[in-house]
Every structure is written in structure tokens, then in C-alpha cells.
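Step one of this worksheet: look at the structure below.
The values are calculated or read from the model by the stated rules, or taken from the named source; none is laboratory data. Every value quoted in this text rests on a predicted model; they were computed, and no experiment measured them. Note that each Cβ is placed from the backbone with ideal geometry, even for glycine, and that neighbours are counted across all protein chains shown. Remember, those area values only see protein heavy atoms, side chains included, never the ligands or the DNA or RNA. Shrake-Rupley method; radii C 1.70, N 1.55, O 1.52, S 1.80 Å.
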Amino acid sequence: MNIDGKAWRTIWLEPGGRSFGVIDQTQLPHRFTTRSIASCDEAAEVIRTMVVRGAPLIGVTGAYGLMLALHADPSDASLAAAFEQLNATRPTAINLRWALERVRDRVALLPESERAEAAKQEAAAIADEDVAMCEAIGEHGLRIFQELAAARPAERQQEPLRVLTHCNAGWLATVDWGTALAPIYKAHRAGMNIHVWVDETRPRNQGASLTAFELGKEGVPHTVIVDNAGGHLMQHGQVDAVIVGTDRTTRRGDVCNKIGTYLKALAARDNGVPFYVALPASTIDWTIDDGVAEIPIEARSAAEVTAIQGRVLSGPGAGEIASVQLSPDGSAGFNPGFDVTPARLVSALITERGVAEASEAGLRTLYAGS
Ligand code: MRU
């Protein structure tokens, strides 16, 4: 997608094929910088510290991380250790394990001399497929938005379609396009009048920092709101649809996404607002059913709750990115990174293969044999 007129992906192989580049998302929206990653240790570090984040993107980063491990040492022991190291970085998004397994299975039976090259090809294929899947999600979601817009009463036809999203499920969370934001970009590029309510998404504020950054660079009208405003807006008829991404969706359609998603789904149900979840096939965990009971929820640092990061507005350090403390010394913080929205609260799943009911039967209509 575009940053100041230049098209970017979030991750790319660098010349020579022994390193890859990423956008440093911890610095956005205030500073646009990139990082060059040349070892498996570094790949693990950028996932763990959220220099890269978002379920599909950490999968691709893990895949390239395995490639780097095999360049350094193509043995079985190295492959197994790198797999474990990368897989342990973030526990909730299934895309990470899915991508690591795909690269491992591709190289495991090859001679050691061929492994790094095969890993490179597989990682590149995963990245390219992610772009194609996200763009297809965009097309399917666009049709839903067009139907929602057309179904509004005549007196509201001139108003923008108002869509609320939580966290960042845009192109920064994937390789390109995004999941939940792909239909929004497609709609905007098709000339649809659309406006996005952007949940700030405490504690790390991926909405206020990353989603707002993306939408601004693409010229999509948007407004950042505090996480607590969504229910109020829905009660006052200000939200036509909610659309979010997901880090893991179970075979019965339970959806795990950034903490706070569940509350938006409850508010949407109470107000008759459709609640859509956009996801590529790599986000479906066919091995589990009950998301609340079975999905591991990442426990993050309490410091993300008791402090906040931003750009200093004035005084000493003006312009610098800094953290400030919110809570009194000694107050405990608790910081689960994700929550689970039960399938019954999801109006539909928007995938690269089309739109499905959030149920095992619904998913199997699109993914027979999975
Ligand atoms: O903790 P993050 O920033 O990695 O969480 C990201 C999300 O929750 C996204 O909504 C999710 O990965 C779906 S993105 C395509």
C-alpha cells in the first residue's frame, strides 16, 4: 500500500537473499524507519518486541527467520531449534505456527545443501499468497459494504457508510492490503463514500497509531475514538458495520482477536449492527473448537497498561518518542493481549474464498476437506 506516493510491502527479501527488511512498527506513526534482519535471533526478537506484529505478518517473518537459521546451519538440530525459538515468540496467532510448519515440512527431507534456498522459496510463496488472499478478502468484503450501503433508507444514501474497526488489521498486520481493512481500501478506491471509526485499542494503541496511519496515507476518511466510545456510537445509529481481523479462528467459528474485540461484538449484537470478521485460511485452527477454553491468550507486560507511549508535544524532548507513567507507583496492572468472540456473535466470516457463516458447517462450505 502507499506511503507518500510509494508502494510498500511490510516485509521484503534483501539483495543477496541472506537478510530481509521490515518496517519498524514500534516507531509509527511518528517515525518511518526500516530494519534489516540477518539472523534467526533477530527475526525472533522483532516478532517478540512487536517491531512486526499482526497474525499474517508474524507468520511470514517466522518463515524468513527459518530461512536465516538454515543459512547459518542447515542441520536437523538447527531447524528444530529455530522452529521452537520462533514459535515461542508469540503464542496466540496461529499463522506463526502455520507458516513455520509449512517451511519446515518443505525442507525437512531435502539434503542440507538445498534447505536454505527451499526455505526462501517457501517463505516468498507464503508472502505472495498472503497478498493475494488479502486482496480477495477485500473484494468479498467490498460486496458486503455495497449491499449495506444500498440497503440504507433513501434519506441516508448520501451519507458515508460508517464502519468501526478495532486494533490494526490493515496492511501493516499482513504483507499488503490487510484483512479487515482490505474491504475498506477496495471501497475507497472504488469511489464509495466510506468513513472509519478507529478504536484506539489500548494498551498498545495499534488503532490510534497504525490503523490511523494507514488510512491517512491512503486518504480514507477516519476518526480515532477511545475504545469505550463504540457502544455509545452504535446506540446512536452512528455505526453501519463493525469489521475486525483475527489471530486465530476455531473450526466452529469462534474468533480470537485483540483484547476488547468481544465487547464490540456484544455492543454490536445489542444494537443490531452487523459484526464481520475478515481472515485468510492461514488463520483457521482446524484442531480446536472452543476458542474460550482452548486458545492460549498472550500475557503481556503490565507496564503496557500502567504507561503509554507517544511523541512528546512540547518542552524538553519535544518531538521525541517517549513513555509516560499513568498509574501510581506500586499499582498492579494486568494485560491479556487477546479475547475470544464466540461464533454466535459473528454475523459472517469474510475469507479469500468468499463469505461464510461463523460455524463449522459454514467454514466447510468454503474449505471442504480441511
Ligand atoms: O498484538 P498484535 O498487534 O499483533 O495484534 C494484532 C491483531 O489483533 C489483529 O487484529 C490480528 O492480527 C488480525 S490482522 C490481520
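Computed values, structure above
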read-out	value
Residues that are more than 19 Å from Pro91 (Cα to Cα) and either among the basic types (Lys, Arg) or buried (at least 22 other Cβ atoms within 10 Å of the Cβ) (or both), drawn from the stretch 241-252	Val242, Ile243, Val244, Arg252
Any hit, the stretch 234-246, residues being within 13 Å of the ligand (Cβ to nearest atom) and assigned to a loop (DSSP other than H, G, I, E, B)	yes
Residue count for the stretch 140-168, restricted to those that are assigned to a helix (DSSP H, G or I) and touching a helix residue (DSSP H, G or I) at 6+ places or on another chain (Cβ under 6 Å)	3
One residue from Ala44, Ala82 being in contact with a Gly (Cβ under 9 Å, 6 or more places away or on another chain), within 16 Å of the ligand (Cβ to nearest atom) and part of a helix (DSSP H, G or I)	Ala44
Total residues in the stretch 1-36, condition open to solvent by 10 Å² or more (accessible area, probe 1.4 Å), modelled with pLDDT of 95 or more and touching an Asp or Glu at 6+ places or on another chain (Cβ under 7 Å)	5
Residue ID - farthest from the ligand (Cβ to nearest atom), chosen from residues in the stretch 14-41 that are without any contact (Cβ under 8 Å) to a residue 40 or more places away in the chain, part of a loop (DSSP other than H, G, I, E, B) and hydrophobic (A, V, I, L, M, F, W, C)	Ala38
Every pair of residues 6+ apart whose Cβ atoms lie under 7 Å, when the first sits in the stretch 216-233 and is within 23 Å of Ala187 (Cβ to Cβ) while the second is polar (S, T, N, Q)	Lys217/Asn2; Glu218/Asn2
Residue among Ala180, Ala265, Ala187 that alone is assigned to a loop (DSSP other than H, G, I, E, B), open to solvent by less than 10 Å² (accessible area, probe 1.4 Å) and touching a residue at least 12 places away in the same chain (Cβ under 8 Å)	Ala180
Candidate set from the stretch 89-123 (those that are among the charged types (D, E, K, R) and open to solvent by less than 70 Å² (accessible area, probe 1.4 Å)); member that is farthest from Ile58 (Cα to Cα)	Arg115
